[in-house]
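Presented below is the structure to which this report refers.
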Amino acid sequence: MTTQNAPASTSPVPGTATVASPLPVSAPPSWPWRRGALILAGAAQLITISALTSADPLAVTWWSLLLAIAPAPLAAAAAFAPVPLNRLAAVAGVVVLIAGIAGGILHIGLFFVPALVVLAVGGMRLWREQSGP
């Protein structure tokens, strides 16, 4: 059994259909900061969860549960939520991190300081780019 292929077009005229590629949309200046806050908060949150479930567990207090539950979801909301919600999530994330760090400063709270700094900078840049001209 043989199959026959149609001959390829040999005309020198190029096709009239062209694919229009849209111009790439650049990310806002606050995006790398918010993404960095998400990564740092997630890493510190995993450390906290590991400390809570280890052989010599961390005491289950309000600040340890706050740091084990809230930072990464709030940082994710600050990074990926729609415009009106991401500002609120960034502010809530900073408040939660400050409260958790203040409660657990002697134990595990210091792991969240880099995430706090990066989220605060990303939140300020986000606020400035959305309220600017």
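The values are calculated or read from the model by the stated rules, or taken from the named source; none is laboratory data. Keep in mind that what you see is a predicted model, and the values were worked out from it rather than measured. So basically every Cβ, Gly included, is an ideal-geometry build from the backbone, and we count neighbours across all protein chains shown.
The residues listed here are ALA102, ALA79; of these, the one that is over 15 Å from SER30 (Cβ atoms) and not acidic (Asp, Glu) is ALA102.
Consider ILE98 carefully, then state whether it is buried (at least 17 other Cβ atoms within 10 Å of the Cβ), more than 16 Å from ARG35 (Cα to Cα) and of a type in the set (A, V, I, L, M, F, W, C). Against the criterion (buried (at least 17 other Cβ atoms within 10 Å of the Cβ), more than 16 Å from ARG35 (Cα to Cα) and of a type in the set (A, V, I, L, M, F, W, C)), ILE98 does not qualify. A Cβ distance below 7 Å, combined with a sequence gap of six or more or placement on separate chains, defines the contacts here; from the stretch 76-94, residues that are basic (Lys, Arg) and at pLDDT below 95 reach residues that are surrounded by 13 or more Cβ atoms within 10 Å (Cβ to Cβ) and not in a loop (DSSP other than H, G, I, E, B) in the pairs ARG87/LEU126; ARG87/TRP127; ARG87/GLN130. Entry remark, the stretch 1-56: residues being among the aliphatic types (A, V, I, L, M), modelled with pLDDT of 90 or more and closer than 30 Å to LEU88 by Cα number 12 in total.
Take the stretch 50-95 and flag every residue that is out of contact with any helix residue (DSSP H, G or I) (no Cβ under 6 Å at 6 or more places or on another chain) and under 18 Å from ILE39 (Cβ atoms). Across the stretch 50-95, the qualifying residues are SER50, ILE69, PRO73, PHE80. The single condition from (1) within 16 Å of GLN45 (Cα to Cα); (2) touching a residue at least 40 places away in the same chain (Cβ under 8 Å) that ILE105 fails is (2). Within the stretch 46-57, residues that are in contact (Cβ under 8 Å) with a residue 24 or more places away in the chain sit with their Cβ atoms under 8 Å from residues that are surrounded by 10 or more Cβ atoms within 10 Å (Cβ to Cβ) and part of a helix (DSSP H, G or I), at 6+ positions apart or across chains, in these pairs: ILE47/PHE111; THR48/SER64; THR48/LEU67; THR48/ALA68; THR48/PHE111; ALA51/SER64. Of the residues making up the stretch 46-55, none is out of contact with any Ser or Thr (no Cβ under 6 Å at 6 or more places or on another chain), surrounded by 22 or more Cβ atoms within 10 Å (Cβ to Cβ) and small (Gly, Ala, Ser).
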